1. Just name the residue that is farthest from Arg288 (Cα to Cα) out of those in the range 28-63 that are touching an Asp or Glu at 6+ places or on another chain (Cβ under 9 Å), part of a helix (DSSP H, G or I) and of a type in the set (A, V, I, L, M, F, W, C).
2. Could you please tell me which pairs satisfy a Cβ distance under 6 Å, a separation of 6+ or placement on different chains, a first residue in the range 337-361 that is within 16 Å of Phe402 (Cβ to Cβ), and a second residue that is modelled with pLDDT of 95 or more and charged (D, E, K, R)?
3. I'd like to know if the range 10-30 contains one or more residues that are modelled with pLDDT of 95 or more and not polar (S, T, N, Q).
4. Test Leu254 against the stated conditions and say whether it is out of contact with any strand residue (DSSP E or B) (no Cβ under 7 Å at 6 or more places or on another chain), over 30 Å from Gly39 (Cα atoms) and assigned by TED's automatic domain parsing to the domain that holds Tyr154.
5. Select from the range 112-137 the residues that are in a strand (DSSP E or B) and either under 24 Å from Arg220 (Cβ atoms) or acidic (Asp, Glu) (or both) and list them in ascending order.
6. Just give me the residues in the range 68-91 being surrounded by 15 or more Cβ atoms within 10 Å (Cβ to Cβ) and among the hydrophobic types (A, V, I, L, M, F, W, C), in sequence order.
7. Answer yes or no as to whether Asp149 is within 26 Å of Met315 (Cβ to Cβ) and within 11 Å of the chain's Cα centre (by Cα).
8. With (1) in contact (Cβ under 8 Å) with a residue 60 or more places away in the chain; (2) out of contact with any strand residue (DSSP E or B) (no Cβ under 6 Å at 6 or more places or on another chain); (3) buried (at least 18 other Cβ atoms within 10 Å of the Cβ) as the list, and Val53 as the residue in question, which single condition is left unmet?
Amino acid sequence: MRRYSLFNGLVVLAILLGFLSPVFAQPPQSLTDKAYREGVLRKIADIVESKYVLADKAKGFADAFRARCAARAYDTLSEAKGFAEKVNADLIAITGDKHLNFRVMVPSDVGEKASGSLHHPVRYFRLRLKENVGFHRLEWLEPGIGYLDLRRFYSFDQAKPMALAAMTFLADARALIIDVRENGGGSGDYLSSYFLPYPTQLSGSYARQTGTLTESWTRRDIGMEPRLDVPLLILTGPNTFSASESFAYDMQALKRARLVGEPTGGGAHSTDVFGIDSQFEFYISTERSVSPVTGGNWEGTGVMPDIPVPVASAMDAALVEARKAAEAFGKTKEEGLKAAVDEMQILADDAARLYREGKDREAAAALDTLVGRIRAAGLASEFFMGVFAYNFQAPEDERMLFAILEKNVELFPRSFTAYEVLAYYCASRGKAERAVGNFRKVLDLDPGNRNAVKMIEELKK
């Protein structure tokens with residue numbers, strides 16, 4: 001799990017291991033060469049000792065690995081993949097850290113040079129396309145209940161368009177279920193920013209090398225207002241790992257969501273990648289998460305669910321909870337909306353009456369207040385304002401009609417349709433000059449609008 005970029009490790013790699021470029025130019029060596037094999041193992045042990053995030057345990061872990069090497073645990077492994085898998089399994093067994101990953105570098109499906117400088121950027125790019133930036137499934141399960149199955153956390157610059165689209169799709173849900181049961185982590189949690197106020201402090205990252213804690217906060221640039229009150233259930237299981245655990249842990253610690261399922265995988269560290277040579281690389285934990293709420297993290301233990309059920313039953317259990325939460329949430333919202341509509345109707349009646357009586361200033365003030373209430377209730381749209389205006393077709397309501405249409409233009413100043421509706425009403429009521437002016441505004445916003453051109457020509461005849 002990285003909180004900045006998947007490529008930070010590559011930067012560290014280039015700085016700390018300046019010999020990489022000339023080594024990468026050489027063809028892979030054979031593991032049957034004892035000196036080569038022992039050199040690879042020695043580099044691994046040295047990296048564990050000098051870089052592993054838990055400085056007080058790093059030397060002990062490195063020495064335990066060196067003891068396995070001395071016992072010739074890897075002498076008979078001549079095939080690179082099998083060698084890497086055995087080494088990696090032993091490192092995880094020694095440290096208990098599932099983030100460790102000693103691996104053979106292989107090209108992506110594009111076939112780039114595995115040891116080349118474009119390997120990691122291309123591999124992550126291809127992975128992002130295959131995984132749809134992590135967004136696996138988005139659904140309206142039943143009236144009022146939305147569902148998101150997120151399989152990986154990509155960096156927010158990559159995920160933002162998809163995240164915003166998903167959150168917009170779910171914006172009217174009365175309860176949400178977010179499924180991270182198969183989410184293996186990624187570049188850091190951004191999803192909590194859509195459900196917590198800005199700024200809210202999240203789990204930060206402590207780095208061994210610098211001895212500093214980098215704080216993490218919710219984001220402001222999410223493209224919409226966060227949904228602070230919608231009931232939220234998060235599905236978890238053993239495959240929930242790293243960044244997705246961070247999301248679940250923080251949302252639980254801040255009492256913003258309830259977790260349903262089984263304990264998560266238990267990976268609260270983040271990694272950097274170190275090149276060994278032209279065929280092997282080593283991902284090793286160099287930072288650890290620290291919660292501002294608990295002061296700890298979930299390393300080795302996982303995040304415990306609030307509603308423990310077998311992972312296969314988590315959806316059914318969450319739906320039961322979501323239905324109850326959605327009903328209560330919806331009832332509160334509907335009661336509030338009913339009260340707001342009652343108040344708005346009084347203001348609408350007052351504004352219409354005052355316009356009929358020629359008291360334009362008082363009427364405009366009432367309409368201003370009404371529009372403010374409409375916006376606060378989340379009802380404001382061009383369609384809403386258009387339907388509202390349609391109720392005032394009578395000659396005595398003309399000033400109310402045009403006042404509403406002018407408010408529509410104020411609310412949506414970049415919409416050519418708002419000006420277009422106003423222009424057509426002006427034309428139908430014999431206000432040719434005013435209609436032409438508004439049709440010209442339509443053309444300013446939509447230069448190719450042939451209807452506006454045609455109407456201007458006809459109105460000037």
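The values are calculated or read from the model by the stated rules, or taken from the named source; none is laboratory data. As the structure is a computational prediction, the values presented were derived from the model and not from experiment. Every residue, glycine as well, gets a Cβ built from its backbone with ideal geometry; the counts of neighbours run over all protein chains shown.
1. So, considering only residues that are touching an Asp or Glu at 6+ places or on another chain (Cβ under 9 Å), part of a helix (DSSP H, G or I) and of a type in the set (A, V, I, L, M, F, W, C), the one farthest from Arg288 (Cα to Cα) is Val40.
2. From the range 337-361, the pairs are Leu354/Glu362; Tyr355/Arg399; Arg356/Glu396.
3. no
4. Numbers: out of contact with any strand residue (DSSP E or B) (no Cβ under 7 Å at 6 or more places or on another chain): yes; over 30 Å from Gly39 (Cα atoms): yes; assigned by TED's automatic domain parsing to the domain that holds Tyr154: yes.
So Leu254 fits the description; yes.
5. Just the residues of the range 112-137 that are in a strand (DSSP E or B), to begin with: 135-137.
Once the filter is applied, which keeps residues that are in a strand (DSSP E or B) and either under 24 Å from Arg220 (Cβ atoms) or acidic (Asp, Glu) (or both), the range 112-137 yields only Phe135.
6. Within the range 68-91, the subset surrounded by 15 or more Cβ atoms within 10 Å (Cβ to Cβ) is 68-69, 73-74, 77, 80, 83-88, 90-91.
Once the filter is applied, which keeps residues that are surrounded by 15 or more Cβ atoms within 10 Å (Cβ to Cβ) and among the hydrophobic types (A, V, I, L, M, F, W, C), the range 68-91 yields Cys69, Ala73, Leu77, Ala80, Phe83, Ala84, Val87, Leu91.
7. On the way: within 26 Å of Met315 (Cβ to Cβ): yes; within 11 Å of the chain's Cα centre (by Cα): no.
Taking the combined requirement at face value, the residue does not satisfy it.
8. Exception for Val53: condition (2).
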